[in-house]
Amino acid sequence: MTKIVAVTDWWCQCNMDYSKIISERASTIKPSGIRRFFDLANQMEGVVSLGVGEPDFTTPWKISDAAIYSIEKGQTFYTANRGLIDLRREICNYYARRFNASYDPETEALVTVGGSEGIDIAIRALIDPGDEMIIMDPGYVAYEPGVILSGGIPVKVHLKEENEFKLTPEMLKAAITPKTKVMLLNYPANPTGGVMTKEDYEKIVPIIKESGIIVITDEIYAELTYEGEPCSLGSFPEIRDQVIVVSGFSKAFAMTGWRLGYVLAPKELSAAMTKIHQYIIMSAPTAPQYGAIEGLRACADEVEQMRLSYLTRRNYVVKKFNDMGLHTFKPQGAFYVFPCIRSTGMTSEEFCEALLNDQKVACVPGTAFGESGEGFIRVSYAYSMEELKIALEKIEEFLKKLNK
Amino acid sequence: MDELDKLLLTVVNKNARVELEDLAMMLDTNVDEVKKRLSKLEKDKVICGYQTVTNWDRTDLSQVTALIEVSVIPERKYGYNRIASKIYRFEEVETMYLLSGKSDLLCIVRGKTMQQIAEFVATRLSSIEGVTDTTTTFVLKSYKNAGVILVDDEDSRSDRLVVSM
């Protein structure tokens, strides 16, 4: 007991001025503006959440079993920096077979700690202070801080609902300046569920080619495409040398907690990223890599079953929101819908906070993903039909009260 | 059968109790269309019934399940079908398959007691003309049935965060 008091005393006496110690770059990254809302949601008891960014399914057992078996066999060492060669081969086979994009497992594939690390090292390998990087708004929260940490300048393209949050050739042309070095795309998109089809990409590919910029394409949700075949930006031969594909196992294979992703890129770019990866990470965790090999070899059916579940839930949720009077476009991918709440006269944050307080239902304000998210909320349908039904009834109740 | 039928089957196969209105929304169609398709699937005997997945171990209705492998002599002209029909018509036979391999038929049989099943095998099944051998295996515990895990799963509680990006 005395000891604890002593330690506390020591802490009280400590009066470091950390604002002078924490690096300028770390200080520049803004904590999420809606931190307060998340704290509120996470502390509240009995919250019905529609706020998660991960599947509700557990990992297919074949994958878990293969990973456990690898541990039992004592395969607990570092792997090659780039990852197990068997896994890289499977990844390249998978990308060739599923997305018609071919990469060399020896020199063009790198296994990472989630897609997140892939994004980080891709940006680090490309961005110097002052370089501009085009990102989408609304967009996933990690991209902007990534650019800032490298001293780059984020340039935002403000996506529009009337275009289903796609990047149009006009928008892209307007965003490119002589300082533009990189663009980051994420389709199917978090938070909007927007998708770029082959036809959509074909319209921007010539602009990418002409401008000579590098495109990092975060295709983590590619497998979760609901109409037509999924398309990878890596499948366009004319810009192959300008594209870095980042993906992973989290979403389609329900492996978020395993933290396993990969980067596919032309040899020189892949080598630059591997250099960073080998110093900061060494190698991605070994057991998940063995699991992932099994996933790519044997879990296509499981992935398809999950996709069908998401598809039927999406249909249900979109219809429900539109019936309630919240205009919602029908997203073609990922597991989010992005209803427009402008008709309520509230801001996104006001709406989410009122909904949380009134019905204990947690959705994410669109503004968490950038200023163009204002007027929208992100609703995840990575929940069972039973959970979705309850949550949507509560939202309907909330709207009825509002309209009184 | 088109894509919508396949999707409809996938959904009701997992949960036959989804309400028609919900089914219509999930399939992005209307209630009449769902009704029409379900009736067609029922009429075509694609959907042959709707049952519950019951864990009898949790009831006080005692239930004994046995798997019975049956060897038979197939008949000229009828093959296995006629003798099979003599077996599957018994109420006790819940499920029955024709197998490749050592035995010819597999019957899943339910009864109230082991004695009841033993008696069924001895007096009804073995005595059928053409049945040459039976091997009865009693079920000790049901772990999983029709895709549903029946045992308590301590880890089934979700650890997902309330909000994640």
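Taken one residue at a time, the phi angles of the range B:58-75 give Karplus couplings (6.51, -1.76, 1.60, θ = phi - 60°) of 9, 10, 9, 8, 6, 9, 10, 10, 9, 9, 10, 8, 10, 9, 9, 9, x, 9 Hz. Gly and Pro are set to x. Here the dipole of chain A is about 180 debye; that uses its Cα centre as origin and unit charges on the Cβ of Lys and Arg (positive) and Asp and Glu (negative). The range A:328-404 and the range B:1-41 have Cα centres spaced 27 Å apart. For chain A, a Gaussian network of Cα nodes joined below 10 Å ranks A:E117, A:E386, A:E108 by mean-square fluctuation, and the top entry is A:E386. For chain B, the calculated P(r), taken from all Cα-Cα distances in 10 Å bins from zero up to the bin holding the longest distance, is 8, 26, 24, 26, 12, 3, 1 percent.
For the residue pairs A:K320/A:K360; A:K160/A:K330; A:K319/B:K6; A:K209/A:K275, alpha carbon separations beyond 24 Å are given by A:K209/A:K275. Normalised by the number of residues in chain A, the average gap of Cα pairs under 8 Å and 6 or more apart makes the relative contact order 24 percent. Classification of the range A:16-137 by its C-alpha gyration tensor yields an oblate form. The axis ratio a/c (a ≥ b ≥ c) is 1.5 or more, and b/c is at least a/b. Amide H to amide H, with H built 1.01 Å from N, B:I47 comes under 5 Å of B:E42, counting only residues 5 or more places away or on other chains.
Measuring nothing but how far apart in sequence close Cα pairs (under 8 Å, 6+ apart) lie, relative to its length, the range A:131-191 scores a relative contact order of 50 percent.
Per residue of chain A, what 222 nm ellipticity follows from adding -39500 (n - 2.57) for every DSSP H run with n ≥ 4, rounded to the nearest 500? Present the calculation step by step, with values, prior to reporting the outcome.
Values: 15 runs with 181 residues, N = 404.
Taken over chain A, the calculation gives -14000 deg cm²/dmol.
Report, to one decimal in Å, the Kirkwood hydrodynamic radius for the protein assembly as shown based on all distinct Cα pairs.
Values: mean 1/r = 0.0367 Å⁻¹.
Taking the inverse mean of 1/r over all distinct Cα pairs, the protein assembly as shown comes out at 27.3 Å.
In chain A, a dipole from Cβ-located charges (positive for Lys and Arg, negative for Asp and Glu) runs towards its positive end, and of A:M385, A:V155, A:S49 it is A:S49 whose Cα lies farthest in that direction.
Spherically averaged projected area of the convex hull of Cα atoms, the range A:164-215: 3.5 nm². The aspartates and glutamates whose alpha-carbon is closer than 20 Å to the alpha-carbon of B:K40, local same-chain residues fewer than 8 away aside, are B:D2, B:E3, B:D5, B:E19, B:E21, B:D22, B:D28, B:D32. For the range A:116-272, what class follows from the C-alpha gyration tensor (a ≥ b ≥ c being the square roots of its eigenvalues): rounded when a/c is under 1.5, otherwise prolate if a/b is larger than b/c, else oblate? Rounded is the answer for the range A:116-272, as its axis ratio a/c remains below 1.5.
Stretch A:N357-A:E24 to full length: gain in nm at 0.36 nm per residue minus the Cα-Cα span?
Here the segment from A:N357 to A:E24 would lengthen by 116.2 nm.
Loop-located trypsin sites (Lys or Arg not before Pro) in the range B:33-132 (DSSP state other than H, G, I, E, B) with a sparse environment of at most 16 neighbouring Cβ atoms within 10 Å: B:K45, B:R76, B:K77, B:R89, B:K102, B:K112. Database remark: amide H of A:H327 closer than 5 angstrom to the amide H of A:C340 (H placed geometrically; neighbours at sequence offset of 5 or more, or on other chains; Pro and chain starts carry no H).
With springs connecting C-alpha atoms under 10 Å apart, model chain B as a Gaussian network and identify which of B:M114, B:M26, B:M96 has the largest mean-square fluctuation. In this elastic network of chain B, the residue with the biggest mean-square fluctuation among B:M114, B:M26, B:M96 is B:M26.
The shape of the range B:59-130 comes out prolate: with a ≥ b ≥ c from the C-alpha gyration tensor, a/c is at least 1.5 and a/b beats b/c. Restriction of the GluC sites (Glu not before Pro) in the range A:14-96 to DSSP coil positions whose beta-carbon has at most 11 other beta-carbons within 10 angstrom yields A:E45.
Quick note: the coordinates plus some simple rules give every number you see, no bench work behind them. Keep in mind that this is a model prediction, so the values were computed, not measured. A quick note on method: Cβ atoms are made from the backbone with ideal geometry, for glycine too, and the neighbour counts reach across all protein chains shown.
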